[in-house]
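The values are calculated or read from the model by the stated rules, or taken from the named source; none is laboratory data. Note that the structure is predicted; figures quoted are calculated from it, not measured. Here the Cβ is made from the backbone with ideal geometry for all residues, glycine too, and neighbour counts use every protein chain on show. The protein model used for the area step is the full one, side chains on, heavy atoms only, and it has no ligands, DNA or RNA in it. Shrake-Rupley method; radii C 1.70, N 1.55, O 1.52, S 1.80 Å.
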Amino acid sequence: MKIAQDIVISPVITEKTMGTADQRKYTFKVAKDANKVEIAKAVETLFDVKVEKVNTANVRGQKRRMGRNEGYTASWKKATVTLTEDSKKIEFFESMM
């Protein structure tokens, strides 16, 4: 069993994700082998909120060049978490706005 800190790696802070924060949708970078149930439980334990649903997406690495050499950045998994209406908001994202 993985602990919650191993599943939720970091929040994704962009203009688009901060715009959905008022709709109680928050985006996180998560472990690649985590499923939706594990992600929901991890967010509930870390932030003390109630999760309604979880949407996940695998993000491919982008091609980058360093001089003559080229390669790909690391691929990662993104999870968009929607909270229930009666749940409180996550303070970390509220302080960013």
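In this rough spin-label picture, where each label sits 7 Å from Cα along the Cβ direction, the Asp6-Arg60 distance is 3.0 nm. Normalised by 2.2 N^0.38 Å, where N counts its residues, the alpha-carbon radius of gyration of the range 14-97 equals 1.30. Please enumerate, by chain and number, the aspartates and glutamates with C-alpha under 14 Å from the C-alpha of Lys25, excluding those fewer than 8 residues away in the same chain. Within the straight-line limit of under 14 Å, Lys25 reaches these aspartates and glutamates: Glu15, Glu44, Glu52, Glu85, Asp86, Glu91, Glu94. With the simple spin-label model, which puts each label point 7 Å out from Cα in the Cβ direction, the Arg68 to Met18 separation comes to 4.2 nm.
Positive contributions from Lys and Arg (+1) and negative ones from Asp and Glu (-1), summed over other residues with Cβ under 14 Å from the Cβ of Thr14, come out at +3.
Taking a straight Cα-Cα cut-off under 23 Å and skipping sequence neighbours fewer than 8 places away in the same chain, the lysines within cross-link reach of Lys2 are Lys29, Lys32, Lys36, Lys41, Lys50, Lys53, Lys77, Lys78.
Using a 1.4 angstrom probe, figure out how much accessible area the chain has per residue, in square angstrom, rounded to the nearest whole.
Normalised by residue count, the accessible surface of the chain is 70 Å².
The trypsin sites (Lys or Arg not before Pro) of the range 1-41 that meet both conditions, a loop assignment by DSSP and at most 13 other Cβ atoms within 10 Å of the site Cβ, are Lys2, Lys32.
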